[in-house]
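Read through the structure below, which is laid out as structure tokens, and then see the notes.
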Amino acid sequence: MIQVYQGTLIPADCILVEGEIGGLTINEKLMTGHDEKIKIVTYNDALDNPLKRQHPFMLSHSFVENGSGKALVCAVGARA
């Protein structure tokens with residue numbers, strides 16, 4: 001488990017399991033080159049609202065722009 005908050009560089013692929021109401025916002029600019037904000041919700045919120053098309057997945061080398069929470073690490077190194 002890792003703690004993520006505004007300004008955190010995500011060190012590994014992970015799933016948001018706890019967070020603020022409404023989720024958090026990440027930016028994948030370092031990976032994609034696009035300065036695009038992506039809303040991330042907790043795993044349970046994503047399951048409860050499948051039609052909203054929101055997800056709990058955060059990729060390595062993304063950074064948190066807004067919000068905070070706890071995430072479960074899924075992959076590190078060459079697998080991330």
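Readers should treat all values here as calculations from the given coordinates under stated rules, not as data from a laboratory. This structure is a prediction, so every number in the text was calculated from the model and none was measured. Backbone-built Cβ (ideal geometry, glycine too); neighbour counts: all protein chains shown.
Tabulated data
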read-out: Calculated [θ] (222 nm, deg cm²/dmol) that DSSP helices of n ≥ 4 give over the chain, each run adding -39,500 (n - 2.57); value: -2500 deg cm²/dmol
read-out: The range 2-79 - Debye-derived log10 I(q)/I(0), Cα point model, q = 0.13, 0.17, 0.25 Å⁻¹; value: -0.33, -0.57, -1.19
read-out: GNM top mover of Leu47, Leu24, Leu16 - the chain, alpha-carbon springs below 10 Å; value: Leu47
read-out: Assigned charges on the beta-carbon of Lys, Arg, Asp, Glu; the chain dipole about Cα centre (debye); value: 120 debye
read-out: Linear extension gain, Lys52 paired with Lys39, 0.36 nm per residue minus alpha-carbon span; value: 3.6 nm
